[in-house]
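*Asks:* Pasting a structure here, questions to come.
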Amino acid sequence: DCVQGQVRPSAAMAYRTFVARAADGVPLVEAPGEAGLSPGAGLAQTACKQAQRLLSNLHSMPPRSSVDCAGGYACHLHIADGVCYLGLFCDRYPPSAAFAFLEDVNVAFQEELKREFGTAAVDYRSHVDCVAKPYHFSRFDRQVARIYAQFKDPSSSAVLCKLQACPQVSCVMRCSFEQAVGGGQAQESPRRVFEKAGASSTKGAMTKCAVFCLATMVMALLVYLVVEFAPWARQSEGLTKEDVKRTVEDLKATPGNLAAVCYCAAGLAALAAAAWGILTLSGR
């Protein structure tokens with residue numbers, strides 16, 4: 001495949017893997033993929049520069065997200081324990097396999113931290129935050145290369161087994177590179193888009209809960225009306241207008257009956273208020 005006269009990347013290749021400090025984007029590791037950047041080198045270099053720029057915008061990114069880059073590439077990133085794991089893939093490479101790859105890199109990097117700083121009650125995040133030299137863990141790229149070899153074919157049985165144990169990525173937010181870096185006044189940052197999606201989900205859950213409560217109130221009111229007024233309804237059969245008028249006056253004169261009428265009126269008012277609240281929550 002070609003893009004603007006250049007070869008599109010293969011769907012089975014990861015071109016760059018970055019491990020960076022999430023607080024400020026300082027790169028700790030940069031590991032090239034097995035294929036390097038040979039196919040479509042110009043586009044790949046552009047996408048690689050975009051990936052590096054994303055590292056300086058991690059503060060606006062959710063913990064797991066995907067970013068569409070130039071030339072048919074995509075960055076998948078996972079932030080955990082103050083460290084960002086970012087991989088530059090072809091956009092046709094399965095996102096689920098990409099995130100499983102990043103999770104394996106995360107596990108391997110935690111082991112690298114243990115070898116570097118020891119295992120006796122060590123706060124690895126504080127050590128990472130104190131690293132002053134970029135690419136401090138440059139030797140870790142050999143570990144990344146070994147992990148990459150396992151994911152070269154995303155349809156292999158080894159990768160499929162890993163996907164079964166990996167969290168689903170259906171809810172991972174995806175955006176363009178311009179959105180990720182805040183380009184364009186009309187664009188929203190990924191974190192804002194993610195927060196809006198979460199707010200919409202919460203709003204839908206609140207609406208469902210309100211509908212359930214309203215239905216419960218309606219059923220309770222109907223049961224109360226039947227129990228309270230069924231005997232009076234049976235007594236009123238065959239009564240003349242004068243009898244009905246006299247019965248109504250008797251109801252008004254009896255405190256208990258008057259209270260029952262007031263309760264019914266209050267119940268109807270509560271139902272109206274609940275209906276109004278549901279319409280407000282649903283945005284209608």
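The values are calculated or read from the model by the stated rules, or taken from the named source; none is laboratory data. All values reported here derive from a predicted model rather than from experimental measurement. Using ideal geometry, Cβ is built from the backbone for each residue, glycine included, and neighbour counts are taken over all protein chains shown. All accessible areas refer to the heavy atoms of the entire protein, side chains included, with ligands and DNA or RNA removed. Shrake-Rupley method; radii C 1.70, N 1.55, O 1.52, S 1.80 Å.
*Asks:* Taking 41 Å as R0, compute the FRET efficiency from the Cβ-Cβ separation of Ala121 and Arg53 and round it to 0.05.
*Replies:* 0.65
*Asks:* Suppose we take every Cα in the stretch 55-166 and form the convex hull; what volume per residue is that in Å³?
*Replies:* It comes to 125 Å³ per residue, whole-number rounded.
*Asks:* Leaving out ligands, DNA and RNA, and with a 1.4 Å probe, what % of the accessible surface on the stretch 50-154 is carbon or sulfur?
*Replies:* Roughly 51 percent of what the probe reaches on the stretch 50-154 is carbon or sulfur.
*Asks:* Collect residues whose amide H, placed 1.01 Å from N in the peptide plane, falls under 5 Å from the amide H of Ala22; neighbours closer than 5 in sequence don't count.
*Replies:* Val83, Cys84
*Asks:* Using 0.36 nm per residue of separation minus the Cα-Cα distance, give me the extension gain between Lys114 and Asp153 in nm, one decimal.
*Replies:* 11.1 nm
*Asks:* Continuing with this model, one more query. What order do you get for 142-148, 81-87, 15-21 when each peptide is scored by the mean count of other beta carbon atoms within 10 Å, highest first?
*Replies:* So the order, starting with the most tightly packed, is 15-21, 81-87, 142-148.
*Asks:* Still on this structure, I have one more. Give, in whole angstrom and from largest to smallest, the semi-axes √(5λ) of the equivalent ellipsoid of the stretch 85-141, with λ running over the eigenvalues of the Cα gyration tensor.
*Replies:* Taking √(5λ) for each eigenvalue gives 26, 13, 9 Å, largest first.
*Asks:* In nm, what is the difference between 0.36 nm times the number of residues separating Cys161 and Met217 and their Cα-Cα distance? Intermediate results must be reported in sequence, preceding the final value.
*Replies:* Details: separation 56, 0.36 × 56 = 20.16 nm, distance 4.91 nm.
That pair, Cys161 and Met217, stretches by 15.2 nm at full extension.
*Asks:* A further question follows. Which value in nm describes the separation of the simple spin-label points at Arg174 and Val131, placed 7 Å from the Cα toward the beta carbon?
*Replies:* 3.0
*Asks:* Also, I was wondering about something else. Sequence-distant or interchain residues sharing an amide H contact under 5 Å with Met173, placed H: which?
*Replies:* Amide H neighbours of Met173: Ser66.
*Asks:* Given the peptides 71-77, 121-127, arrange them by the average over their residues of other C-beta atoms within 10 Å, most packed first. Working shown, then result.
*Replies:* Values: 71-77: 24.0, 121-127: 12.0.
Descending packing order for the listed peptides: 71-77, 121-127.
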